[in-house]
Structure formats: C-alpha cells, structure tokens
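Colleague: The structure under discussion is supplied below as structure tokens; questions concerning it will follow.
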Amino acid sequence: MKFVKKNENTKPYIDSIFTVVNAAKKDPDGINATAGCLYSEEGKLLTFNSVYSLEGKTTPTQKASYAQSPSGNKEYIEAISDFVLEDKVKNNHGAIATPGGTGAIYTAIKTCLDDNDTIIYPEISWGNYRVMADEFNLNTITYDVYDLNDLFNKIDSVDNKVFLIINSPCENPLGHSYTYDEWKQIIDKLNSLNKEVVLLCDIAYIDYANDDPKRFLELFNNISDDLLVLIAASASKAFSYYGQRLGALIAINNDSSFIDHYINLCSRLARSTWSNLNNSGMITIANTLLNNSEEYFKELNEAKAMLKERVNLFVEQADTCRLEYYRFNDGFFITLKMENNDFRDDFHKRLMDNHIYTIKVNKGIRIALCSTPLKVVDGLAKKVKDLM
Ligand SMILES: Cc1ncc(COP(=O)(O)O)c(C=O)c1O
C-alpha cells in the first residue's frame, strides 16, 4: 500500500475481544463474561481505595509533568521491583517502567529478537502474543502448558536463540499454574541448553494466585550464564490500574554489567517509542507500596477471596452438570474445552444469541469470572450446558 512501510501487515486488524465486549455492553439483559478486569459484586470495575485515595492527592503539576526519565521514576522502579521480587532474587537484576505488562512484553521482544527469529508461547494463550509475533515478523512455535515434555521438545526444535514465554501462574485464559517442582524442571532444562535462552515470565495475574506463587522466583538465583530471565509485571490487575498503563520489565542475569547494558538498551527503546510514562501513576503506586501497603494488601486479599468464591461456585456447578473445562488452578478466567474450533464458533454465537457474552480462544471459550458477580455466576454453568 502507498505511503506505508514495505513489509506492512495487510490483514485487517479486528480486535475480537473489544467487539464482543461492546456487544455485551449494549445488551441490558446480557450476562457479560467478557471483560478481563475484576468487577465488584455490585457489577462495577473494582478499584482499590488504598490506591485511588492517594491518586487523588497527586497535584495537577505532578499529573502534568513528564516523568523523571524514559525508563521511569526511580522510586516507582524500586518499589515495583521489591513488590514483585519480594527479596527472593539475590542474583543481579535491573528494571525499567513500562506502559502495562504489554509494554514490558513488547520491550522484551523488541530488544531480544530480530525479524524471522522464533518465539515459543502457549498454544492456548493471550491473543496479543500472536499479534506481536505477526507485527514483528517472528516465527512462532506453541506448546501445551499441561505437558512439560511437549514444551521441552519444542525448545529443542529451535536451532538458534530460544525465546520462551511462560504465563504462569493463572495463565490467561486457562487459569493454569506451574508447580514449584515443574518450574524447577523448566529451569533445569533451560540451564542445560548450550545456547542463548531468553525466558520471559508473564506474571500479569500473579497477585490473584494462591499457595506461595512467588516461590519459583528463587530458582533465578541459580541460572546458567546463557540464560536471561525477563519478568513482565503489570500494574493493571495488581492495582486495578488498567487504563493508567503501568507495568515493569525486570531483567535477571548472572552478569551485572550485562544488566546495565540491557537496561540501557531498554531505556533507548522506551525513549524512541513512548518516550515517557504516566508520572502521577508512578508516584501513586510507589506511594501505595511505601506508605499504604497494609490497607492495599488487605483490599487485595479481599478481592482475591471474592474471585475465589465465584470460581469455586462455578466449578462446583460445572462439575454437577458435567460441563467440561480446562484443568484450572487460579485466576480471572475459566475456559470451556472445545477441541473443534468450528463447533466453538457456532457455540459462541449460540451463547450470544442467548445473551451470554464470552470470548473465543483457541480450542475453547473463555468465561471471565472476574467480571461476573456471584449472583450471576450462580446457575451460569447449567445455562451454558443446557445450550450445548
Ligand atoms: C496474559 C496477559 N499478559 C499481559 C497482559 C497485559 O496487560 P496490561 O498491558 O494491561 O498490563 C494481559 C492483559 O490482559 C494478559 O492477559
């Protein structure tokens, strides 16, 4: 096409999620199980008072100001790194602030991969990995998150640099999480490869996981010199900060001079892409973590408990009516198992025709329990099963 770059991606860009979300919003009788955001029991987007009471205190000048640097405000980077790593990582690390977890994943891909390099990610996963792979001309290999042998075979099938995305705990959309023992096997495998490996851990939903979800971070203290670990953190879910666009990319490697070099590379990318981030947002999150953490963690735990109650009810009722879903640990979503994507398309439409709005994913249909209050969850599994 005229004017634009030669290797333009000409496929029409249709955001399937936002299309269904908008249809759901227009249906007053509909069950909206589309949104990947946590809603309260009153059906409103849940916001943390501990965060937004401080947000209200940032001054117009702070809101209007540019941030300290393209890589973010020092206090925010320190606070978010401590929040994510919780003292578990003693190995060398550094971080930059990013626009959401998406910005962190973008930074990781842009700084580590060239055109035609390969990216490995879960077969049933967040659609944006695919969008980025297409956008950056990458080859893709997908793996089954339930089968470590499949993952290891896929890793072995890459000739040059391995770039692996793991979205655990609370994988979107499956809700799958690796156990500590599985993480150990993955790190042992990556440590044993005799080539460069970048492991990108997408931990967007980690704050809603149960059972010591951060223990696996300790494994990054014993990594091979050929392994670069990148952690993509998102403030969206953790602080209910979806539209404020904040996150962080944390890099871990045995060589401290490499970390300095890498963060410098990320800073240049940040300067040339978004240039600057939400200053008052960074001040607010740093402030929350430093001065309001007790109230924040209390609210976060309440939010977690609210979500767990919905999940438990859905699972109990789905089991009773034998509605099949993918094996699930924790998280915002449950995904109905549908190996055949043609059937999935028909069924997804049938649900919409019956005012139940969900999201299509590869081999399944995602039900966002995060956005459906308990009274709506009650009976939902049976309604879905009856339509099937
Ligand atoms: C798996 C996964 N990773 C990362 C993100 C990034 O979110 P954000 O850019 O809002 O931080 C999302 C958001 O939905 C997600 O589902």
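Since every read-out is calculated from the coordinates, none of them should be taken as a lab result. For clarity, every value in this text was computed on a predicted model and none was experimentally measured. Note: ideal-geometry Cβ built from the backbone for every residue, glycine included; neighbour counts use all protein chains shown.
Colleague: For the condition out of contact with any Phe, Trp or Tyr (no Cβ under 9 Å at 6 or more places or on another chain) and buried (at least 19 other Cβ atoms within 10 Å of the Cβ), what is the one hit in Ile356, Ile367, Ile334?
Modeller: Ile356
Colleague: Please give the number of the condition Glu78 fails out of (1) over 15 Å from Ile252 (Cα atoms); (2) surrounded by fewer than 19 Cβ atoms within 10 Å (Cβ to Cβ).
Modeller: Single failed check for Glu78: (1).
Colleague: Which of the residues belonging to segment 104-129 are under 28 Å from Phe328 (Cβ atoms), surrounded by fewer than 18 Cβ atoms within 10 Å (Cβ to Cβ) and more than 10 Å from the ligand (Cβ to nearest atom)?
Modeller: Glu123, the sole residue that qualifies.
Colleague: Glu302 - would you say it is free of Cβ contacts under 8 Å to residues at least 24 places away in the same chain and out of contact with any Cys (no Cβ under 8 Å at 6 or more places or on another chain)?
Modeller: yes
Colleague: Name the single residue that is surrounded by the fewest Cβ atoms within 10 Å (Cβ to Cβ) among those in segment 211-265 being in a helix (DSSP H, G or I) and within 16 Å of the ligand (Cβ to nearest atom).
Modeller: Gly243
Colleague: Still on this structure, I have one more. The conditions are (1) farther than 24 Å from Ala79 by Cβ; (2) in contact (Cβ under 8 Å) with a residue 60 or more places away in the chain; (3) among the acidic types (Asp, Glu), and Glu196 fails exactly one of them. Which is it?
Modeller: With respect to (1) farther than 24 Å from Ala79 by Cβ; (2) in contact (Cβ under 8 Å) with a residue 60 or more places away in the chain; (3) among the acidic types (Asp, Glu), Glu196 is out only on (2).
Colleague: Could you tell me how many of the residues in segment 303-330 are surrounded by fewer than 18 Cβ atoms within 10 Å (Cβ to Cβ), within 23 Å of the chain's Cα centre (by Cα), farther than 19 Å from Lys214 by Cα and charged (D, E, K, R)?
Modeller: Counting residues in segment 303-330 that are surrounded by fewer than 18 Cβ atoms within 10 Å (Cβ to Cβ), within 23 Å of the chain's Cα centre (by Cα), farther than 19 Å from Lys214 by Cα and charged (D, E, K, R) gives 2.
Colleague: Looking only at segment 56-75, which residues are surrounded by fewer than 20 Cβ atoms within 10 Å (Cβ to Cβ) and either within 15 Å of the ligand (Cβ to nearest atom) or among the aromatic types (Phe, Trp, Tyr) (or both)?
Modeller: The answer is Tyr66, and nothing else.
Colleague: Exactly one of these conditions fails for Leu290: (1) surrounded by fewer than 23 Cβ atoms within 10 Å (Cβ to Cβ); (2) within 16 Å of the ligand (Cβ to nearest atom). Give me its number.
Modeller: Leu290 satisfies every listed condition except (2).
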